[in-house]
Each structure stands twice: as structure tokens, then as C-alpha cells.
Amino acid sequence: MRETKKIILIILAVLLSLQAITCSASAKTIYVEPGNSIQKAVDNSHSGDTIIVKPGTYSGDIKISTANITIESSSPYKAIIKAKNNAFNIYESNVVIKDFDIRGPGKSSGICFSFDRIEGTNGAFYCTVQNNKISNFSMAADIGFYMNSGSESILNNEIYNCETGVYAFDLMFQTITVSGNKITNCDNGLYLVDAPSTITNNMFNNTVNVNFDTGAVNILNTTKTTGGNIVGGPYIGGNCWATPSGRGFSQTHSDKNRDGFADEPYKLEGSGYVDYLPLIPSKVSILNFSNFSAQGE
């Protein structure tokens, strides 16, 4: 049964790749001015188009059933989306959304990015959410359930004041990448169930940073690489693990050689997972989650 599912997923991946390759050379740029509708621009878009949203405040519940499009703010965080429920419902592949300030209806309701499938669509695979500020949602990103979505990239976002930062469920042979994010002041940073994930260079400061099951392989660090990390250190490796109480691993462990990594690995309680290169911040103030929860208010 799993082999059959694997074959189906491989065929789907090939079809999606061919769809991306055959994007029309007539791709265009669509501009959305304040007072106009992002949804209307999406409905008028075609594969390969880019939608650029000018500074202003816009409504959410945007439904995306066109593959291979990019939606971005013309100036980072200057286009504000105020959602009464969900912000973006994504039903097709290779969608990129970046540079928005997205505000939800409250910590216990709404989803900022719902990756799913409806009748007549192929499902939201290989999408990217990048460089957004996301606050006040039940879930910042909801990914998964067999053949609905997978292989999403959640990159360089600030996610705060949410019940759960990223929730992923039953990805089968798909994966997700969570990298470069500041996920703070959430009840759960990541909640992963049968969801293979690569999780690197993030700063976590939440009541519970990660909930894992044991049914998937998750990677918590990369090889030590030169380059500034998310908390000001000189190398990329694992993640920064803090808690609002001030008793998180990265808040209580030493970095005697000043390379930006703790002197010992971080063994995540109850999961069996280990971050072999946990980050230690260059300044204690970096871990103050209130710095992030106040942004965009």
C-alpha cells in the first residue's frame, strides 16, 4: 500500500515539475493598489505571474487556485493583511508569498497559511512562505494530510503570538523545511506528526518549542558552516532553544570558545532527537520574545 502511494507521489511530483517548466513566456506583473483586491488579482493571474501589493491594509481569506505564482509586498511589511479568519488558502503548487505583515483574528482562531486541496486543484506542494511577519493566529502554517500538501519551505519569518507556529501532519513521503525563522510567544512552536522536517537556524522561544512524534525523521542541524546565524553568531548549525521562563537550553548553557554553539548537544526531552550544534545568542536581549510580539501592533 505504501509503495502504491509512493508511486502516486512520484507521478504527481513529475507532473508538477513539468507544469513549472512549461510556464508561459508571457508571464506578467500585476500590481495591487490600496483599496483594490488581492483576491481579484489572484483570480486574474496565470502560471508564472507575479503579484506585487503596494503599501496599505488588505483583507484576508485569499484563495489561491493558480500554480506557479508569486505574491509579494512591494516594501517589506508595508502591505498589511488583516484576516477575520484565514489569511491565505493555498490549493496549488509552487506558490510563493513573501514580505507581508499578516495579522490574525486572535491567538485561538484562524490559520495564516492553509495548504490544502479542493476539487479541481492538485494540492499545495512545493510552496514557499518567506520573510513575513505573522501574528495572532491559531496556526501560522497548516501543512499536510496525505496528498493535500507537502515539501513546503517556511523561511525567515517572524511568527509570534500564535497558538501553534507550524503544524504538519501525515506528509507521507513529502518533507518540509523550516529555516531562519523567529518563532516566539506561541503555545507550540512546531507541532509535527509523521512529518519529516529539516529544522535549522531558527530561534524558538515558546511555552513548548517542538512537539515530535516518533514516526518520521527530523533533522535539527546542518554541518557547521561559516555565516551569521539567527542570533548573531558567526556560524550556521542548529537552532536557538529558549523559553519565556528564561530556563531554555540556550539561555542556561555555556559557549566557552565563543563559536556561537553550546559546549554540549541539546537532547530534546521525550523525543530522542538531538541538536548537535545548538545556538547560543551573542546577546541575552536577543532572546526577549517581547521584542517580536510587539512588532506590527
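The values are calculated or read from the model by the stated rules, or taken from the named source; none is laboratory data. None of these values were measured; they are calculated from a predicted model. In this analysis, Cβ positions are derived from the backbone assuming ideal geometry, glycine residues included, and neighbour counts consider all displayed protein chains. Protein only, heavy atoms only, side chains kept; ligands, DNA and RNA dropped before computing areas. Shrake-Rupley method; radii C 1.70, N 1.55, O 1.52, S 1.80 Å.
Here are some notes:
- Residue within the stretch 239-255 that is within 18 Å of Ile154 (Cα to Cα) and touching a residue at least 40 places away in the same chain (Cβ under 8 Å) present: yes
- Residue in the stretch 273-287 that is modelled with the lowest pLDDT, counting only those that are open to solvent by 70 Å² or more (accessible area, probe 1.4 Å) and in a loop (DSSP other than H, G, I, E, B): Lys283
- From the list Phe137, Phe113, the one residue that fits, being of a type outside the set (A, V, I, L, M), modelled with pLDDT of 95 or more and either assigned to a loop (DSSP other than H, G, I, E, B) or open to solvent by 30 Å² or more (accessible area, probe 1.4 Å) (or both), is Phe137.
- Odd one out for Glu119 among (1) touching a residue at least 60 places away in the same chain (Cβ under 8 Å); (2) open to solvent by 20 Å² or more (accessible area, probe 1.4 Å); (3) assigned to a loop (DSSP other than H, G, I, E, B): (1)
- The stretch 166-184: number of residues that are open to solvent by less than 40 Å² (accessible area, probe 1.4 Å) and not hydrophobic (A, V, I, L, M, F, W, C): 6
Let's see how each residue does on (1) within 22 Å of Leu171 (Cβ to Cβ); (2) not hydrophobic (A, V, I, L, M, F, W, C):
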{"site": "Ser45", "(1), (2)": "no, yes"}
{"site": "Pro55", "(1), (2)": "no, yes"}
{"site": "Ser74", "(1), (2)": "no, yes"}
{"site": "Ile80", "(1), (2)": "no, no"}
{"site": "Lys98", "(1), (2)": "no, yes"}
{"site": "Arg103", "(1), (2)": "no, yes"}
{"site": "Ser109", "(1), (2)": "no, yes"}
{"site": "Asp116", "(1), (2)": "yes, yes"}
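- Any hit, the stretch 72-80, residues being assigned to a loop (DSSP other than H, G, I, E, B), among the small types (Gly, Ala, Ser), at negative phi and in contact (Cβ under 8 Å) with a residue 12 or more places away in the chain: yes
- Matching entry among Asn89, Asn36, Asn85 (being touching a Gly at 6+ places or on another chain (Cβ under 6 Å) and either at pLDDT 95 or above or open to solvent by less than 50 Å² (accessible area, probe 1.4 Å) (or both)): Asn85
- Test result for Glu264, open to solvent by 40 Å² or more (accessible area, probe 1.4 Å), at pLDDT 95 or above and not in a helix (DSSP H, G or I): yes
- Leu190 over 14 Å from the mean Cα position of the chain (by Cα), open to solvent by less than 30 Å² (accessible area, probe 1.4 Å) and closer than 17 Å to Ser153 by Cβ: no
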